[in-house]
Amino acid sequence: MTIDLTVNGERRQIDAPVTTSLLEVLRNQLGLFGTRYGCGLEQCGSCMVLVDGEPVYSCSREAGTVAGRSVTTIEGLGRVDSLHPLQLAFLDEQAGQCGYCLSGIVISAKALLDRTPNPSRADIVQALDKHLCRCGAHQRILRAVERAANTMRNGRTA
């Protein structure tokens, strides 16, 4: 079946069974490898993407459920020569070690900052609670989201 959707601002047509996971479509058909397979059970958040601006687990989301909708992956936030303020903040705060979980964390942080431009530390913790990171970078991750929020509120790009 053909599924029409918009991925990172580009209209796409995907030939796949509607029950194929969105994660499989993103990685195997569209070559977007920033979204990771972690647990496959909505327990780690590595597969998080935005669907119409809301964070969703792509490992369990059937591709057919996003037909006609807008999907944003980590690749859709910025380019190498023009990173999103969140991406810059994560680099500046050295907020990742292995990086496996970071694309999902950044996606959830983006959704938070889009709806809450001045989040409290508790807001950030709550928004990122669904993510599992074993590297121990939690405090740096929180600082990175706070830094990005400040940058975005003040209209700066870095």
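The values are calculated or read from the model by the stated rules, or taken from the named source; none is laboratory data. Since this is a predicted model, take the numbers as computed values, not measurements. Neighbour counts run over all protein chains shown; Cβ positions are idealised from the backbone, glycine included.
For this structure, a couple of remarks:
Rundown of residues vs (1) of a type outside the set (Val, Ile, Thr); (2) out of contact with any Cys (no Cβ under 9 Å at 6 or more places or on another chain), yes/no style:
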residue	(1), (2)
Thr2	no, yes
Val18	no, yes
Tyr37	yes, no
Glu54	yes, yes
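Results for (1) in contact with a Leu (Cβ under 6 Å, 6 or more places away or on another chain); (2) assigned by TED's automatic domain parsing to the domain that holds Leu30, shown as yes or no for each residue.
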position: Val56; (1), (2): no, yes
position: Thr72; (1), (2): yes, yes
position: Glu93; (1), (2): no, no
position: Gln97; (1), (2): no, no
position: Asp114; (1), (2): no, no
position: Cys133; (1), (2): no, no
position: Arg140; (1), (2): no, no
position: Ala148; (1), (2): yes, no
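- When Cys101 is tested against the conditions (1) modelled with pLDDT of 95 or more; (2) in contact with a Cys (Cβ under 8 Å, 6 or more places away or on another chain), the lone failure is (1).
Conditions (1) within 21 Å of Ser58 (Cα to Cα); (2) out of contact with any His (no Cβ under 6 Å at 6 or more places or on another chain); (3) among the aliphatic types (A, V, I, L, M), marked per residue:
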{"residue": "Asp123", "(1), (2), (3)": "no, yes, no"}
{"residue": "Leu132", "(1), (2), (3)": "yes, yes, yes"}
{"residue": "Ile141", "(1), (2), (3)": "no, yes, yes"}
{"residue": "Ala148", "(1), (2), (3)": "no, yes, yes"}
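- Hey, Leu142 closer than 21 Å to Asp52 by Cβ, free of Cβ contacts under 8 Å to residues at least 60 places away in the same chain and within 16 Å of the chain's Cα centre (by Cα) or not: no
- Ile107 modelled with pLDDT of 95 or more and under 30 Å from Val18 (Cα atoms): yes
- Matching residues, region 94-126, being among the β-branched types (Val, Ile, Thr) and farther than 18 Å from Gln139 by Cβ: Ile107, Thr116
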